[in-house]
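Colleague: This is the structure I have questions about; it appears just below.
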Amino acid sequence: MTERQDKFIEHYSITGNATDSAIKAGYSEKTAKQKGYELKNILREQINDQTQKVLADKIPSSLHFLSELASSDRKCRLEGILSARTF
């Protein structure tokens, strides 16, 4: 595997954009669309492996973010309920 192919895999696994990934990997802008299409088919297995790694790294922080968001939403709703009450 070449360095450009490694860069293509890395970028494509994050963005899902073959043309942009080919350009970022150092391929010509003129041929990037075709090269990206070819590379995503040739390197499918490696792309899938890298994508799984990327997602595995993102899941814990995403779950934490969603938990914090839900907690914040509950807190805001409770504050709204309490401020609406008249004593």
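Colleague: Net charge within 15 Å of L69 by Cβ-Cβ distance, Lys/Arg positive one each and Asp/Glu negative one each, not counting L69 itself?
Modeller: +1
Colleague: List the pairs from K30/K53; K24/K58; K7/K58; K30/K58; K7/K33 whose alpha-carbon separation is above 26 Å, in the order I gave them.
Modeller: Beyond 26 Å: K30/K53; K30/K58.
Colleague: I need the Kirkwood Rh of the chain: take the reciprocal of the average 1/r across all distinct C-alpha pairs and report it in angstrom.
Modeller: In the chain this quantity evaluates to 15.6 Å.
Colleague: How large is the helix-only mean residue ellipticity at 222 nm for the chain, computed as the sum of -39500 (n - 2.57) over DSSP H runs with n ≥ 4, divided by its residue count, in deg cm²/dmol to the nearest 500?
Modeller: Details: 4 runs with 72 residues, N = 87.
Taken over the chain, the calculation gives -28000 deg cm²/dmol.
Colleague: Ok, one more. Taking the chain, which trypsin sites (Lys or Arg not before Pro) meet the DSSP loop condition and have no more than 10 other C-beta atoms within 10 Å?
Modeller: Passing sites in the chain are K30, R85.
Colleague: Grab the other residues whose beta carbon is less than 14 angstrom from that of K35, score K and R as +1, D and E as -1, and report the net.
Modeller: Overall, the nearby charge balance is +3.
Colleague: Let me ask something else. Evaluate the distance, in nm, between pseudo-label points positioned 7 Å from the Cα of N48 and of S83 along their respective Cα→Cβ axes.
Modeller: Those two pseudo-labels are separated by 5.1 nm.
Colleague: Using 0.36 nm times the number of residues separating L63 and M1, minus their current alpha carbon distance, what extension gain do you get?
Modeller: Using 0.36 nm per residue and subtracting the Cα-Cα distance, I get 18.9 nm.
A short reminder: the numbers here are calculations on the coordinates, not readings from a lab. These figures come from a predicted structure and were not determined experimentally. Quick reminder, even Gly has a Cβ in these numbers, built from the backbone with ideal geometry, and neighbours come from all protein chains shown.
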